[in-house]
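Working notes, beginning with the structure itself.
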Amino acid sequence: MFQANKNNIDFQDSFLKELGEYIELNYKYSDRNKRLNDVVEFIRIIDGDRLDECRPRVYGSSPISLRDLEKYREEQWKESLEEKTFSATLRRLIKEKNKTNTDVYKKALLDRKHFSKIMLNNNYCPSKNTAISLAIALELTYEETQELLSTAGFVLSESILTDIIVSFFIKKERYNMFELNEILVSFKLKPLQN
């Protein structure tokens, strides 16, 4: 059974016991877990390059010039990229959750410059820990968290202990980065943000 070092933690024993049981039930340890994120990134890249998403759907018999067709494909491609980027998804979620940018980056334990870089650069791809921290700050559900992470090429995995603990916190709606980091450190794991 997985046990946290409780010397530094002031949580209720029932919460830690529940966390331990959750880990036992959900943690799928594998020697390959170190390569999991590489595989997920590879799948994201391959899946993202499907051409059928860019093909225009033309119905009827009206003729379309090659130039119009190329312009349409380019517009569709740009729109799909804008909607699926991490930054665009983050902006949409901030708006949906009625949060301010300041509240989000402070709760995620990010500095203002880093957060601004994420928000302003549509091509920015954050680290997995940064993406998770933002999901915690936005108080996203498990499904919303997976959606946000997927836009950066990540998932919460059952074979990574940190991910199991993060999943538990999200499912229990405990959106406190300090508590989460403390639990991670007690399991001798790296905190999400310092």
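The values are calculated or read from the model by the stated rules, or taken from the named source; none is laboratory data. Treat the numbers as computed from the prediction; the structure is a model and nothing was measured. Here the Cβ positions follow ideal geometry from the backbone for every residue, glycine too, while neighbour counts run over all protein chains shown. Each accessible area value is taken on the protein alone, full model and side chains, heavy atoms only, with ligands, DNA and RNA left out. Shrake-Rupley method; radii C 1.70, N 1.55, O 1.52, S 1.80 Å.
Charge tally for Phe168 (other residues, Cβ to Cβ under 13 Å; Lys, Arg +1; Asp, Glu -1): -3.
Hey, which lysines would be in cross-link range of Lys190, C-alpha to C-alpha under 16 Å, not counting anything within fewer than 8 residues on its own chain? Here the lysines satisfying the reach criterion relative to Lys190 are Lys34, Lys128. Computed packing ranks the peptides 147-157, 104-114, 128-138 as 128-138, 147-157, 104-114, most packed first, by mean other Cβ atoms within 10 Å. The residues of the range 115-194 present an accessible area of 41 Å² per residue when probed at 1.4 Å with all protein chains retained. Note on Asn176/Asn121: beta-carbon distance plugged into 1/(1 + (r/R0)^6) with R0 of 25 Å gives a FRET efficiency of 0.30.
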